[in-house]
Amino acid sequence: MKSHRMQLPREVVVGNETLSLISDICKRLGFSKSAFVVTGPDTQLVAGRRVIDLLRDKGMAVDHLLVDSSTAWDVRAVEERILELKPQIVLGVGGGTKIDVAKLSSTRQGIPFISVPTTASHDGIASPVASLKGLKKPYSILAQSPMAIVADTNVIIQSDYRFTSSGCGDVIAKLTAVHDWKLAHEAKNEYYGEYAASLALMSTRLAIQNADTIKPGVEEGLRVVLEALISCGVAMSIAGSSRPCSGSEHLFSHALDLVAPNKAMHGEQCGVGTIMMAYLSKMDWKDVRTTLQKAGAPTTAEELGVENESVVEALMRACTIRPERYTILEEKRMSHDSAEKLAKVTGVID
Ligand SMILES: [Zn+2]
(Lines give C-alpha, C1' and ligand atoms only; values in the text may rest on other atoms or scores of the structure.)
Protein backbone atom coordinates (compact mmCIF):
# COMPACT_ATOMS: atom_id res chain seq x y z
CA MET A 1 0.00 0.00 0.00
CA LYS A 2 1.23 3.49 -0.88
CA SER A 3 2.23 5.50 2.18
CA HIS A 4 0.23 8.56 3.11
CA ARG A 5 1.81 11.48 4.93
CA MET A 6 -0.16 13.74 7.29
CA GLN A 7 1.32 16.91 8.67
CA LEU A 8 -0.82 18.29 11.50
CA PRO A 9 -0.69 21.39 13.73
CA ARG A 10 0.77 20.75 17.18
CA GLU A 11 -1.21 23.42 19.03
CA VAL A 12 -4.57 24.99 18.24
CA VAL A 13 -5.58 27.73 20.64
CA VAL A 14 -8.93 29.45 20.09
CA GLY A 15 -10.54 31.90 22.51
CA ASN A 16 -10.63 35.27 24.14
CA GLU A 17 -7.23 36.92 24.72
CA THR A 18 -5.25 33.98 23.37
CA LEU A 19 -2.81 36.41 21.77
CA SER A 20 -1.23 36.95 25.19
CA LEU A 21 -0.18 33.26 25.16
CA ILE A 22 1.92 33.62 22.02
CA SER A 23 5.35 33.62 23.67
CA ASP A 24 4.46 30.66 25.91
CA ILE A 25 3.28 28.74 22.87
CA CYS A 26 6.49 29.55 20.98
CA LYS A 27 8.55 28.47 23.96
CA ARG A 28 6.62 25.18 24.36
CA LEU A 29 7.31 24.41 20.72
CA GLY A 30 11.01 25.08 21.25
CA PHE A 31 11.27 28.56 19.73
CA SER A 32 12.63 30.96 22.33
CA LYS A 33 15.46 32.70 20.45
CA SER A 34 14.30 34.29 17.22
CA ALA A 35 11.18 34.87 15.15
CA PHE A 36 10.15 36.61 11.96
CA VAL A 37 6.69 38.17 11.75
CA VAL A 38 4.82 38.72 8.49
CA THR A 39 2.02 41.21 9.00
CA GLY A 40 0.23 44.00 7.13
CA PRO A 41 -0.07 47.78 7.39
CA ASP A 42 -3.49 47.50 9.10
CA THR A 43 -3.10 44.14 10.83
CA GLN A 44 0.08 45.27 12.54
CA LEU A 45 -2.08 47.75 14.46
CA VAL A 46 -4.72 45.10 15.24
CA ALA A 47 -2.35 42.35 16.37
CA GLY A 48 1.03 42.32 14.62
CA ARG A 49 2.64 44.96 16.80
CA ARG A 50 1.42 43.24 19.92
CA VAL A 51 2.78 39.85 18.85
CA ILE A 52 6.19 41.42 18.14
CA ASP A 53 6.23 43.17 21.54
CA LEU A 54 5.13 40.05 23.44
CA LEU A 55 7.90 37.98 21.86
CA ARG A 56 10.52 40.67 22.43
CA ASP A 57 9.46 40.94 26.07
CA LYS A 58 10.58 37.33 26.46
CA GLY A 59 13.99 38.17 25.04
CA MET A 60 13.43 36.88 21.53
CA ALA A 61 15.07 38.60 18.55
CA VAL A 62 12.11 39.56 16.38
CA ASP A 63 12.14 41.11 12.93
CA HIS A 64 9.16 41.77 10.69
CA LEU A 65 8.01 42.71 7.23
CA LEU A 66 4.78 44.43 6.23
CA VAL A 67 3.12 42.88 3.18
CA ASP A 68 0.09 44.19 1.36
CA SER A 69 -0.57 41.43 -1.15
CA SER A 70 0.28 37.79 -1.79
CA THR A 71 2.21 37.89 -5.04
CA ALA A 72 5.27 35.78 -5.87
CA TRP A 73 7.25 38.97 -5.30
CA ASP A 74 5.94 39.32 -1.71
CA VAL A 75 6.86 35.70 -0.99
CA ARG A 76 10.35 36.23 -2.44
CA ALA A 77 10.85 39.35 -0.31
CA VAL A 78 10.06 37.42 2.87
CA GLU A 79 12.24 34.51 1.76
CA GLU A 80 15.18 36.87 1.37
CA ARG A 81 14.70 38.16 4.89
CA ILE A 82 14.46 34.60 6.21
CA LEU A 83 17.70 33.70 4.42
CA GLU A 84 19.43 36.71 5.93
CA LEU A 85 18.08 36.46 9.50
CA LYS A 86 17.65 32.67 9.85
CA PRO A 87 14.79 32.88 12.39
CA GLN A 88 13.62 29.75 14.23
CA ILE A 89 10.00 30.39 13.39
CA VAL A 90 7.90 32.52 11.01
CA LEU A 91 4.59 33.94 12.22
CA GLY A 92 1.86 35.12 9.86
CA VAL A 93 -0.27 37.70 11.64
CA GLY A 94 -3.24 38.97 9.67
CA GLY A 95 -5.90 37.97 7.18
CA GLY A 96 -5.53 35.47 4.36
CA THR A 97 -2.80 37.23 2.37
CA LYS A 98 -0.34 37.61 5.25
CA ILE A 99 -0.82 34.02 6.31
CA ASP A 100 -0.42 32.80 2.72
CA VAL A 101 2.84 34.72 2.32
CA ALA A 102 4.17 33.47 5.67
CA LYS A 103 3.13 29.91 4.86
CA LEU A 104 4.73 29.78 1.42
CA SER A 105 7.95 31.61 2.25
CA SER A 106 8.55 29.53 5.39
CA THR A 107 7.85 26.30 3.49
CA ARG A 108 10.33 27.20 0.77
CA GLN A 109 12.99 28.04 3.34
CA GLY A 110 12.30 24.92 5.43
CA ILE A 111 11.23 26.79 8.56
CA PRO A 112 8.05 26.10 10.56
CA PHE A 113 5.33 28.72 10.78
CA ILE A 114 2.57 29.78 13.15
CA SER A 115 -0.75 31.15 11.96
CA VAL A 116 -2.24 34.08 13.87
CA PRO A 117 -5.42 35.01 11.99
CA THR A 118 -7.13 38.38 12.49
CA THR A 119 -10.19 37.39 10.42
CA ALA A 120 -12.25 34.22 9.98
CA SER A 121 -12.76 34.62 6.24
CA HIS A 122 -11.50 31.28 4.83
CA ASP A 123 -9.90 27.98 5.75
CA GLY A 124 -6.39 29.03 4.66
CA ILE A 125 -5.83 30.14 8.27
CA ALA A 126 -5.29 26.48 9.22
CA SER A 127 -4.62 24.61 5.99
CA PRO A 128 -1.42 23.39 4.33
CA VAL A 129 -2.36 25.12 1.05
CA ALA A 130 -1.80 28.71 -0.01
CA SER A 131 -2.81 30.83 -2.97
CA LEU A 132 -0.66 33.35 -4.76
CA LYS A 133 -1.99 36.33 -6.66
CA GLY A 134 -0.93 37.20 -10.18
CA LEU A 135 -0.29 33.65 -11.39
CA LYS A 136 -1.95 31.92 -14.33
CA LYS A 137 -3.37 29.33 -11.97
CA PRO A 138 -5.85 31.03 -9.63
CA TYR A 139 -6.15 28.08 -7.24
CA SER A 140 -4.06 27.06 -4.27
CA ILE A 141 -0.79 25.17 -4.07
CA LEU A 142 0.43 22.75 -1.41
CA ALA A 143 2.76 24.25 1.21
CA GLN A 144 3.03 23.20 4.87
CA SER A 145 0.57 23.01 7.78
CA PRO A 146 0.96 25.62 10.50
CA MET A 147 2.80 24.26 13.51
CA ALA A 148 0.35 26.19 15.68
CA ILE A 149 -2.80 28.24 15.17
CA VAL A 150 -3.48 31.02 17.65
CA ALA A 151 -6.91 32.53 17.04
CA ASP A 152 -7.90 35.33 19.41
CA THR A 153 -11.67 35.84 19.21
CA ASN A 154 -11.27 39.20 20.90
CA VAL A 155 -9.20 40.39 17.94
CA ILE A 156 -11.19 38.63 15.21
CA ILE A 157 -14.57 39.86 16.46
CA GLN A 158 -13.38 43.42 15.83
CA SER A 159 -12.87 42.73 12.12
CA ASP A 160 -15.59 43.64 9.62
CA TYR A 161 -18.39 41.05 10.04
CA ARG A 162 -18.32 40.52 6.28
CA PHE A 163 -15.14 38.45 6.75
CA THR A 164 -16.92 36.08 9.13
CA SER A 165 -20.01 35.64 6.94
CA SER A 166 -17.63 34.98 4.06
CA GLY A 167 -15.92 32.34 6.24
CA CYS A 168 -19.33 30.73 6.67
CA GLY A 169 -19.54 30.47 2.86
CA ASP A 170 -16.16 28.71 2.75
CA VAL A 171 -17.40 26.24 5.40
CA ILE A 172 -20.70 25.44 3.66
CA ALA A 173 -18.69 24.79 0.48
CA LYS A 174 -17.45 21.49 1.91
CA LEU A 175 -20.88 19.96 1.30
CA THR A 176 -20.36 19.94 -2.46
CA ALA A 177 -16.55 19.65 -2.23
CA VAL A 178 -16.83 16.29 -0.45
CA HIS A 179 -19.56 15.16 -2.85
CA ASP A 180 -17.26 15.98 -5.78
CA TRP A 181 -14.40 14.12 -4.12
CA LYS A 182 -16.60 11.03 -3.85
CA LEU A 183 -17.56 11.35 -7.51
CA ALA A 184 -13.86 11.52 -8.44
CA HIS A 185 -13.24 8.40 -6.40
CA GLU A 186 -16.04 6.52 -8.15
CA ALA A 187 -15.34 7.78 -11.65
CA LYS A 188 -11.54 8.08 -11.63
CA ASN A 189 -10.51 5.87 -8.72
CA GLU A 190 -8.96 8.93 -7.08
CA TYR A 191 -7.79 8.52 -3.48
CA TYR A 192 -10.67 9.27 -1.10
CA GLY A 193 -10.17 9.56 2.65
CA GLU A 194 -13.27 8.91 4.69
CA TYR A 195 -11.79 10.50 7.80
CA ALA A 196 -10.82 13.78 6.11
CA ALA A 197 -14.16 13.86 4.29
CA SER A 198 -16.14 13.32 7.52
CA LEU A 199 -14.20 16.03 9.32
CA ALA A 200 -14.90 18.56 6.57
CA LEU A 201 -18.58 17.60 6.47
CA MET A 202 -18.89 17.87 10.24
CA SER A 203 -17.80 21.50 9.98
CA THR A 204 -20.55 22.19 7.48
CA ARG A 205 -23.10 20.40 9.64
CA LEU A 206 -22.17 22.44 12.71
CA ALA A 207 -22.39 25.68 10.74
CA ILE A 208 -25.84 24.73 9.43
CA GLN A 209 -27.02 23.76 12.94
CA ASN A 210 -25.70 26.93 14.54
CA ALA A 211 -26.42 29.37 11.71
CA ASP A 212 -28.72 31.41 13.97
CA THR A 213 -25.79 32.35 16.19
CA ILE A 214 -23.58 33.53 13.29
CA LYS A 215 -24.22 37.25 13.62
CA PRO A 216 -22.25 40.48 13.97
CA GLY A 217 -20.70 40.86 17.42
CA VAL A 218 -21.74 37.41 18.67
CA GLU A 219 -18.71 35.52 19.96
CA GLU A 220 -20.47 32.14 20.05
CA GLY A 221 -21.21 32.32 16.33
CA LEU A 222 -17.71 33.52 15.51
CA ARG A 223 -16.32 30.52 17.37
CA VAL A 224 -18.51 28.19 15.31
CA VAL A 225 -17.11 29.61 12.06
CA LEU A 226 -13.55 29.77 13.36
CA GLU A 227 -13.48 26.22 14.69
CA ALA A 228 -15.18 24.96 11.54
CA LEU A 229 -12.53 26.67 9.37
CA ILE A 230 -9.73 25.22 11.50
CA SER A 231 -11.23 21.72 11.25
CA CYS A 232 -11.41 22.15 7.48
CA GLY A 233 -7.75 23.14 7.45
CA VAL A 234 -6.94 20.01 9.44
CA ALA A 235 -9.07 17.93 7.04
CA MET A 236 -6.79 19.13 4.22
CA SER A 237 -3.73 18.23 6.28
CA ILE A 238 -5.12 14.74 6.75
CA ALA A 239 -6.01 14.36 3.07
CA GLY A 240 -2.70 15.85 1.96
CA SER A 241 -4.54 18.02 -0.56
CA SER A 242 -7.36 20.56 -0.77
CA ARG A 243 -9.73 17.86 -2.03
CA PRO A 244 -12.07 17.64 1.04
CA CYS A 245 -12.53 21.42 0.99
CA SER A 246 -12.49 22.50 -2.63
CA GLY A 247 -14.72 21.16 -5.40
CA SER A 248 -16.95 22.52 -8.16
CA GLU A 249 -18.13 25.44 -5.96
CA HIS A 250 -14.50 26.57 -5.64
CA LEU A 251 -13.97 26.17 -9.40
CA PHE A 252 -16.95 28.50 -9.86
CA SER A 253 -15.39 31.01 -7.45
CA HIS A 254 -12.00 30.81 -9.21
CA ALA A 255 -13.74 31.30 -12.59
CA LEU A 256 -15.64 34.29 -11.22
CA ASP A 257 -12.31 35.75 -10.09
CA LEU A 258 -11.27 35.74 -13.75
CA VAL A 259 -14.60 36.91 -15.17
CA ALA A 260 -15.33 39.64 -12.59
CA PRO A 261 -12.15 40.26 -10.54
CA ASN A 262 -12.16 41.85 -7.09
CA LYS A 263 -15.90 42.12 -6.68
CA ALA A 264 -16.62 39.72 -3.81
CA MET A 265 -14.70 37.70 -1.23
CA HIS A 266 -13.54 34.13 -1.78
CA GLY A 267 -15.95 32.59 0.76
CA GLU A 268 -18.88 34.68 -0.48
CA GLN A 269 -18.37 33.38 -4.02
CA CYS A 270 -17.90 29.80 -2.81
CA GLY A 271 -21.13 30.05 -0.82
CA VAL A 272 -23.12 31.10 -3.89
CA GLY A 273 -21.32 28.41 -5.90
CA THR A 274 -22.38 25.83 -3.32
CA ILE A 275 -26.07 26.73 -3.75
CA MET A 276 -25.83 26.01 -7.47
CA MET A 277 -23.56 22.95 -7.27
CA ALA A 278 -25.81 21.47 -4.57
CA TYR A 279 -28.75 21.82 -6.97
CA LEU A 280 -26.76 20.12 -9.74
CA SER A 281 -25.78 17.34 -7.33
CA LYS A 282 -29.40 16.86 -6.21
CA MET A 283 -28.55 17.87 -2.65
CA ASP A 284 -30.51 20.11 -0.30
CA TRP A 285 -29.57 23.41 -1.95
CA LYS A 286 -32.31 25.34 -0.11
CA ASP A 287 -30.71 24.41 3.21
CA VAL A 288 -27.43 25.86 1.91
CA ARG A 289 -29.17 29.09 0.89
CA THR A 290 -31.02 29.42 4.22
CA THR A 291 -27.79 28.97 6.18
CA LEU A 292 -26.02 31.64 4.13
CA GLN A 293 -28.98 34.00 4.51
CA LYS A 294 -29.04 33.49 8.27
CA ALA A 295 -25.32 34.28 8.46
CA GLY A 296 -25.84 37.38 6.31
CA ALA A 297 -23.74 36.01 3.43
CA PRO A 298 -24.62 36.73 -0.23
CA THR A 299 -26.89 34.30 -2.08
CA THR A 300 -27.42 36.23 -5.34
CA ALA A 301 -25.36 37.83 -8.10
CA GLU A 302 -26.62 41.22 -6.99
CA GLU A 303 -25.45 40.65 -3.42
CA LEU A 304 -22.06 39.53 -4.75
CA GLY A 305 -21.93 42.77 -6.72
CA VAL A 306 -21.53 41.00 -10.07
CA GLU A 307 -23.58 41.02 -13.28
CA ASN A 308 -25.96 38.13 -13.98
CA GLU A 309 -24.01 37.36 -17.15
CA SER A 310 -20.78 37.06 -15.14
CA VAL A 311 -22.33 34.26 -13.07
CA VAL A 312 -23.40 32.46 -16.25
CA GLU A 313 -19.98 32.85 -17.79
CA ALA A 314 -18.22 31.68 -14.61
CA LEU A 315 -20.43 28.57 -14.54
CA MET A 316 -19.42 27.80 -18.12
CA ARG A 317 -15.71 28.40 -17.48
CA ALA A 318 -15.53 26.62 -14.10
CA CYS A 319 -14.72 23.18 -15.55
CA THR A 320 -11.75 24.60 -17.50
CA ILE A 321 -10.01 26.06 -14.43
CA ARG A 322 -8.50 22.86 -13.15
CA PRO A 323 -9.12 20.07 -15.65
CA GLU A 324 -7.50 17.38 -13.47
CA ARG A 325 -9.98 18.02 -10.67
CA TYR A 326 -12.98 15.82 -11.42
CA THR A 327 -16.28 17.30 -10.18
CA ILE A 328 -20.01 17.27 -10.93
CA LEU A 329 -19.20 19.76 -13.72
CA GLU A 330 -17.57 16.92 -15.70
CA GLU A 331 -20.83 15.01 -15.59
CA LYS A 332 -23.08 18.00 -16.18
CA ARG A 333 -21.35 20.17 -18.75
CA MET A 334 -22.63 23.74 -18.76
CA SER A 335 -23.84 25.41 -21.93
CA HIS A 336 -24.93 29.04 -21.83
CA ASP A 337 -28.49 27.82 -21.67
CA SER A 338 -28.06 25.27 -18.88
CA ALA A 339 -25.87 27.66 -16.86
CA GLU A 340 -28.47 30.39 -17.08
CA LYS A 341 -31.21 27.93 -16.10
CA LEU A 342 -29.21 26.72 -13.11
CA ALA A 343 -28.54 30.25 -11.86
CA LYS A 344 -32.20 31.17 -12.32
CA VAL A 345 -33.77 28.14 -10.70
CA THR A 346 -31.61 28.63 -7.58
CA GLY A 347 -32.48 32.33 -7.44
CA VAL A 348 -28.87 33.44 -7.92
CA ILE A 349 -29.94 35.52 -10.93
CA ASP A 350 -33.41 36.74 -11.83
ZN1 LIG B 1 -11.95 28.07 0.15
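So here's what we get for this one:
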{"quantity": "Net length gained if the chain between Met202 and Glu303 were fully extended (0.36 nm per residue, minus Cα distance)", "calculated": "33.6 nm"}
{"quantity": "For the chain, accessible area per residue (1.4 Å probe, heavy atoms of protein chains only), Å²", "calculated": "42"}
{"quantity": "Peptides 224-236, 75-87 ordered by average Cβ neighbours within 10 Å, highest first", "calculated": "224-236, 75-87"}
{"quantity": "Residue-averaged [θ]222 nm for the chain, counting only DSSP H segments that reach four residues, each worth -39500 (n - 2.57)", "calculated": "-15500 deg cm²/dmol"}
{"quantity": "Protection proxy ranking, peptides 242-249, 63-70, 194-201, average beta carbon neighbours within 10 Å, highest first", "calculated": "242-249, 194-201, 63-70"}
{"quantity": "Percentage relative contact order, the chain, counting C-alpha pairs under 8 Å, at least six apart", "calculated": "16"}
{"quantity": "Efficiency of FRET between Leu258 and Arg76 - r from beta-carbon atoms, R0 25 angstrom, step 0.05", "calculated": "0.55"}
{"quantity": "Kyte-Doolittle mean at least 1.0 and Cα axial length at least 24 Å: DSSP H helices in the chain", "calculated": "219-239"}
{"quantity": "Entries of Lys2/Lys282; Lys133/Lys182; Lys98/Lys182; Lys182/Lys341; Lys133/Lys263 with Cα pairs more than 27 Å apart", "calculated": "Lys2/Lys282; Lys133/Lys182; Lys98/Lys182"}
{"quantity": "Gyration tensor (alpha-carbon) shape descriptor, the chain, a/c threshold 1.5", "calculated": "prolate"}
{"quantity": "Estimated FRET transfer efficiency when R0 is 22 angstrom, pair Arg10-Lys33 (beta carbons, to 0.05)", "calculated": "0.75"}
{"quantity": "Carbon and sulfur %, accessible surface of the chain computed with the full protein complex present, 1.4 Å", "calculated": "51"}
{"quantity": "Size of charge dipole - the chain - debye, nearest 20, with Cβ of Lys, Arg +1 and Asp, Glu -1, no other charges", "calculated": "960"}
{"quantity": "Candidate aspartates and glutamates - alpha carbon under 19 Å from Lys188, same-chain residues fewer than 8 apart omitted", "calculated": "Asp180, Glu324, Glu330, Glu331"}
{"quantity": "Sequence-distant aspartates and glutamates (8 or more away, or on other chains) whose Cα lies within less than 17 Å of Lys103", "calculated": "Glu11, Asp63, Asp68, Asp74, Glu79, Glu80, Asp123"}
{"quantity": "Segment 69-159 shape via C-alpha gyration tensor axes, a/c threshold 1.5", "calculated": "oblate"}
{"quantity": "With DNA, RNA and ligands ignored, accessible area of Arg56 (1.4 Å probe; Å², nearest 10)", "calculated": "100"}
{"quantity": "Separation in nanometres of the label points that stand 7 Å from Cα toward Cβ, at Lys344 and Gln293", "calculated": "2.1"}
{"quantity": "Packing rank of 113-121, 42-50, 210-218, where each peptide gets the mean count of other beta carbons within 10 Å, highest leading", "calculated": "113-121, 42-50, 210-218"}
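The values are calculated or read from the model by the stated rules, or taken from the named source; none is laboratory data. It should be emphasised that the depicted structure is a prediction, and the values quoted were computed from it without experimental measurement. Counting neighbours? That spans all protein chains shown, and the Cβs are built from the backbone with ideal geometry, glycine included. These accessible areas exclude ligands, DNA and RNA; they are computed on the full protein's heavy atoms, side chains included. Shrake-Rupley method; radii C 1.70, N 1.55, O 1.52, S 1.80 Å.
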